Each structure stands twice: as C-alpha cells, then as structure tokens.
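J.: Take this structure, written in structure tokens, and hold onto it; I'll ask about it next.
The values are calculated or read from the model by the stated rules, or taken from the named source; none is laboratory data. Bear in mind that the values here come from a model prediction, so they are computed numbers and not experimental data. So basically every Cβ, Gly included, is an ideal-geometry build from the backbone, and we count neighbours across all protein chains shown.
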C-alpha cells in the first residue's frame, strides 16, 4: 500500500499533467501559440490534408468539451485537497475520498484521450503514423493533441523569460521560468 505522502504527490502530479494539458487545448481549433492551434502544428509536421486537419481539430475539441466538467471538478477537488492538507490534523478519510474522486475524474479524461488517439490513428497514413509514433516515443500520447514540445523558458531552451529586472540575461532558462532573453526588453520586470 502506498504511503499517504506518495499518494498525495502522485495525485498532484497526475492532476497537473492531465488538467494542464487539457486546459491548454480547451478549444482545439483556436490559436494555442504562434497563431496556430496545437493540432495545426501537429498537422503541419505530419503533412496532413485539409480534411485530416479539420477532422483532428474536431476530435480534439470534442475531447476538451467532454472533459470540461471533469477539469472543473478537478480544480474544485484540488482546492479541497489544499484546504485539508493545510489543517493541523487532516482527515485521512477525507483525503482518501478526495483522491478517489480525483482518480475517477482523471481516469475519465484519460479514457477519452485514449479513444481520441485511436480515432485519430484511423485518419492517418502509414507515413504519418510513423512520424506520430516518433513524437509519441519522445513525448508520450499527449504529443497527439497537446503539442510536440518547445524549447523556451523553463524547458531547457534558450528562453525568453520576463527576467527579474536585473539587466541583460544570458539567454538561458533556469528551469523555473526565469530565463532571460538578450533581445529587446530583456531584463524588464514582468508588467513593466
């Protein structure tokens, strides 16, 4: 049996990964960064036809819409978990109930994501599936609808963080979202 601490950490990590992924692509057809949705960027890499792109966007949007209630419930449960953990003597029964509810919601979201991946697989050619397989090997199944990953601040790339107001940066991310670029505006505090 897992310790309470292990269960808490595992649940929070899973909640962050699943909830964050779906939150970031809540509307698959809307711009997710750089003026293109993540599905559009995926399709560019896979060289999808216009019809494939449209169908994949519809799948991503449907999964996001179907998961909206679970995502909202997970946010509420995360707040309940935080409130319980903040207590001097948290109730193990309450924590177990919260974790069970979180796991049920996460399982529902993951089930939808798996079904969507299988549905999307049927739309792709063998060469597209081979390219997608490479992406999945590197990033896991979230590569399908949640992007192939980017360098950038806090992700081992050159980063263009907002800086901390202490002058020009070195252009390297520190893994905590505090990387500074060397370009225009580097070193200005956030909101300046």
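J.: Looking at 58, 82, 73, which is the one that is within 28 Å of residue 142 (Cβ to Cβ), surrounded by fewer than 17 Cβ atoms within 10 Å (Cβ to Cβ), out of contact with any strand residue (DSSP E or B) (no Cβ under 8 Å at 6 or more places or on another chain) and at pLDDT below 95? Don't jump to the end; show me each part of the working.
T.: Details: 82 fails: at pLDDT below 95; 73 fails: at pLDDT below 95.
The match here is 58.
J.: How many residues are more than 21 Å from the chain's Cα centre (by Cα) and touching a residue at least 60 places away in the same chain (Cβ under 8 Å) when one looks only at the range 117-126? If you could, list the steps in order and put the result at the bottom.
T.: From the range 117-126, those more than 21 Å from the chain's Cα centre (by Cα) are 122-126; that's our starting set.
Those still in the list that are touching a residue at least 60 places away in the same chain (Cβ under 8 Å) too: 123-124.
Of the residues in that region, 2 qualify.
J.: I would also like to ask the following. Residue 98 passes all but one of (1) surrounded by 14 or more Cβ atoms within 10 Å (Cβ to Cβ); (2) more than 16 Å from the chain's Cα centre (by Cα); (3) modelled with pLDDT under 95; which number fails?
T.: Exception for residue 98: condition (3).
J.: If residue 65 satisfies every condition in (1) more than 16 Å from the chain's Cα centre (by Cα); (2) without any contact (Cβ under 8 Å) to a residue 40 or more places away in the chain but one, which is the exception?
T.: Here residue 65 meets the rest and fails (1).
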